Structure formats: structure tokens, C-alpha cells
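So the structure is just underneath, and the comments pick up after that.
The values are calculated or read from the model by the stated rules, or taken from the named source; none is laboratory data. These figures come from a predicted structure and were not determined experimentally. Glycine also receives a Cβ, built like all others from the backbone with ideal geometry; neighbour counts cover every protein chain displayed. Quick note on the areas: whole protein, heavy atoms, side chains included, nothing else; ligands and nucleic acids left out. Shrake-Rupley method; radii C 1.70, N 1.55, O 1.52, S 1.80 Å.
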Amino acid sequence: NPVIVITLSPAPAPSQRAALQLPLANEGTSRSSSSENSPQHHTHQPRPRHMLGLPQPPFLMPRSMESIEIDQKLQEIMKQTGYLTIGGQRYQAEINDLENLGEIGSGTCGQVWKMRFKKTGHIIAVKQMRRSGNKEENKRILMDLDVVLKSHDCPYIVQCFGTFITNTDVFIAMELMGTCAEKLKKRIQGPIPERILGKMTVAIVKALYYLKEKHGVIHRDVKPSNILLDERGQIKLCDFGISGRLVDSKAKTRSAGCAAYMAPERIDPPDPTKPDYDIRADVWSLGISLVSEVPSPSYAKFSSLLPPCRLNLQEDPPLLPNNMGFSVDFQSFVKDCLTKDHRKRPKYNKLLEHNFIKRYETLEVDVASWFKDVMAKTESPRTSSILTQHHLPFFS
């Protein structure tokens, strides 16, 4: 019987394996050398070789830029976990070092708790978010963490004291604010005074401008429940879970944010094949937020319509009422923010030059006394009636 001999060649070294290539089977050069040298093939020129690279192992496959960015953010954050920095002092801490004083609020991302840091007695707010295998949820957690950790030098963004990351949860320790603009309106059951809204506008425009200029970020969820005030008179922006990176000053995601405050160009892009938008979408959201803090027939009609109907070309955007004593500058500012054509709507640098902003940048307003007076003389609206899946404020 014929004997079949199988010769096993030694496996190539790793460096050789990376460069190993095979010729395509259907090419003329794939025949044996003796065939190529036979007389009947002597007159033919050899065809060029087309080399086929072996597929890389899974661990060598290129990952998406988004996946790489998420990993990089997580690595940066992991270096800072397990510490709280309060009042300029850094303390090593664990989640067990916090005493739970009760729930503050809840939303789609998780819950917010009022807690006491046992080592110092500081009362803080802690946002708890569940870790999951859902990529979108993880992106929201990481985006929120990334923005608040980097924004420590902005006085108009709620400050982060530190983070705790466990196998099941992510905890963000934040400064405890008093309440949000939405709850304030419900408390006083009337319009918030212009002087308070003026200071609020200055703070939010500067916070949004900071995010854009320093970090290339658009907030995408500007609304009264994300505008916080406290008894010291501070006004700050919070909740960065659905913020987005700007590429060439443009953002692309259409679904993020609360439809009630969403700009026309986000709900119904002029060119559906290019649904890009820029920071002027947040300018619109700011305008709607200001109008919503003032009861008026114009806003009541607007808010009663479903979002797509609000964008009807025949419908004018809501404006401040003329009969409530608001200044011409305030009415002009809101009108500019609510310019339906986003190409004509001003950006932050233009808004910062507006007379309304200039006035309230320098005018002395005792926000702290007004806030404490309102909190002392009014009752807190029931949490269940004001919290929805869109709301995750920090308030006491």
C-alpha cells in the first residue's frame, strides 16, 4: 500500500505570523512552479500577484472611536474614585462613609440621595446610577461624570466632590443645592421676578458658553428642572447625561433631550439628510425655559400643543407678556432666543453683548434673601406631581 507522509513545518514566530499572506486561489500565479515553467506557458507573462492578508484575531480588530473614548474616560475617572474633595480638603472615602438622609429625587438614570459625610459632617447630594451592559446608559453615566469632573473651575455648574464606582453602581457626590427653577415657580404660584430671572439668565448663558468653549460640549437638555438655586444665592446648571460632543461646532443626535424645550431644527431638520445642529439649539431651550417661568396666554397656547404642532410655520413662538412690567431688554432677549430660523438666532458671544445680560451682570440683586424668603413662606409641591422621567434635579 502507498505510504502517505505528512510533514509538519514549525509554526512561524509571532513577528512572522503578522506578515503572513496568501495569494488568491484564482490567480495564474497560484499554479505550481513546474507548471509555470512548462513549454505551453513559456510565452505568457506572469500575472501580478494579489496578496490576501489573513484576518486579524479578535483582540487585534480595530475598535470604534466611540468605544475607545468611553474606555479612556472610564480609566480617567477610575483614578479619581474613592476620594471626596470638600472645602479644599481631600478625604479618602468609601460609599459606607456616607449616611443616607433620604431620597431627593429620581429619574430614568437613577436616584438622588441626601447624604451626610460621616468624617466631616458635610451634607451633600449623591446621584446613584446603575451600571449595566446597555451602551447608551453607560455613555450617559460617563458623559455626566466627565463633564462635572472637568468643570470644577466654572462657578455656574454644580460642583462634583468625588465619585464611587462599585461592581453594580456609580455614585456621583455633588454639592447640595436648594431647589430647581421649576419647583420655585410652583411654590410661588406666579411669575418669578425679572431681577431673579436676569441673574439666572446670566449664570446659564455663561455655563453654556463655558461648556462650548472649554470642552466642546453642548448641553442638549436646558430646562427649568436643570437650573438650580440655593440659599447662598448661587444659580447653577446640572445634569449632563445627554450632553454631546461638538464636531466642527455641530452635534448630530436628534433623540436626546426633552421635546417640550427642543428647538425646531432638532425636531424637524430643514434638511433631513443633514440633521446637524449647533449650540443655538440650547439658546432656544433657554428662551422657552424663561417664558415658561412666567404665566402668559402666549406660553399657555404654545405648551398645550404637541411638539411638532408648535413648529407650524404659521405659529409664532411664545413671548413675554407686555402687561406684566417686564423691561424692553428682557422681552428683546427672549425674542432673540426664540428666533425660529436657527440661522438668524444669536450664539453665546452675541447674547453676552445683549443689554439684558450686560445689565444683570453688574446689577446688585440679593438672590439669597429672595430665595430664603420664598422657601420660608411657601410649601413644597408634592414630589410626585413635579417629577417625571425627564427630571433628575438636586434639591432639598
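Expressed in nm to one decimal, what extension gain is obtained for the pair M78 and A368 from 0.36 nm per residue of sequence separation less their Cα-Cα distance?
Gain in length upon complete extension: 100.7 nm.
Among 151-164, 217-230, 367-380, how do they line up by average Cβ neighbours within 10 Å per residue, starting with the highest?
Order by mean packing, descending: 217-230, 151-164, 367-380.
Length gain on complete extension for the stretch R359 to Q331, per 0.36 nm per residue less the alpha carbon to alpha carbon distance?
Result for the pair: 8.7 nm of gain on full extension.
Roughly how many Å² is the accessible area per residue of the stretch 71-176, as a whole number, for a 1.4 Å probe?
Values: 5260 Å² over 106 residues.
Solvent-accessible surface per residue comes out at 50 Å².
Summarise the long-distance tail of P(r) for the stretch 71-176 by giving the % of C-alpha pairs beyond 24 Å.
It works out to 17 percent of all Cα pairs.
If packing is taken as the average count of other Cβ atoms within 10 Å, what order do 89-95, 168-174 fall into, highest mean first? Could you put the intermediate results ahead of the total?
On the way: 89-95: 13.1, 168-174: 19.1.
By packing density, highest mean first, the sequence is 168-174, 89-95.
Taking a 31 Å limit on the Cα-Cα distance, which of the listed pairs K127/K183; K119/K212; K119/K372; K135/K199; K135/K372 fall beyond it?
Among K127/K183; K119/K212; K119/K372; K135/K199; K135/K372, the Cα-Cα distance tops 31 Å for K119/K212; K135/K199; K135/K372.
Considering only protein heavy atoms and a probe of 1.4 Å, how much of the accessible area of the stretch 71-176 is carbon and sulfur, as a whole percent?
About 44 percent, which is the carbon plus sulfur part of the accessible surface.
What pairs from K139/K186; K139/K236; K150/K350 go past 29 Å between their alpha carbons?
Going by Cα-Cα distance, K139/K186 fall outside the 29 Å limit.
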